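The values are calculated or read from the model by the stated rules, or taken from the named source; none is laboratory data. The structure presented is a predicted model; accordingly, all values stated were derived computationally and were not measured. FYI the Cβ positions are ideal-geometry reconstructions off the backbone, even for glycines, and counts take in every protein chain you see.
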Amino acid sequence: MRAYIENHPDDLEAQLRFANELHDAKLLDQAIAQYKDYLGKDPTNPDARVDLGICYFELQQYDAAIQEMERAVRDAPDHQLGHYNLGIVNLNAGNPEAARTWFEKARDLDPSSVYGRDADQILQERFGTEN
């Protein structure tokens, strides 16, 4: 796949698929490099930006994860997964009030979705918040 990407640098779909495969294989440094290269060509893809943030999160680089995910939701304010993941990252980074805010936003975007329900459950369990 790497050779294909190198020979077809304009095939962004293949590059993103490769970045995702690297991420799934826990080759995080390589996945980060692919996501960054991809985002250099398509900087407004919120899914790719959140996935880059998840790689940083898995490396416990919380500031970098938050930065990428905040940019994703700035570019795509209705990106529920971005809001939800910002809650997760902030919770793990020791920022409970920020986490609460992000979970509330994720829940409020679509309370009936999986992420909306999960955010609501975390809010209830961690913060005693009722919807």
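Numbers for the structure displayed
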{"read-out": "Yes/no for Gly82 being under 21 Å from Asp118 (Cβ atoms), at pLDDT 95 or above, buried (at least 21 other Cβ atoms within 10 Å of the Cβ) and among the small types (Gly, Ala, Ser)", "value": "yes"}
{"read-out": "Region 38-66: number of residues that are surrounded by 15 or more Cβ atoms within 10 Å (Cβ to Cβ) and closer than 27 Å to Arg2 by Cβ", "value": "17"}
{"read-out": "Qualifying residue in region 1-14 (condition: buried (at least 21 other Cβ atoms within 10 Å of the Cβ) and of a type in the set (A, V, I, L, M))", "value": "no"}
{"read-out": "Arg71 vs. criteria in contact (Cβ under 8 Å) with a residue 24 or more places away in the chain and either surrounded by 14 or more Cβ atoms within 10 Å (Cβ to Cβ) or outside any helix (DSSP H, G or I) (or both)", "value": "no"}
{"read-out": "The one condition in (1) buried (at least 22 other Cβ atoms within 10 Å of the Cβ); (2) without any contact (Cβ under 8 Å) to a residue 12 or more places away in the chain; (3) among the hydrophobic types (A, V, I, L, M, F, W, C) that Leu27 fails to fulfil", "value": "(1)"}
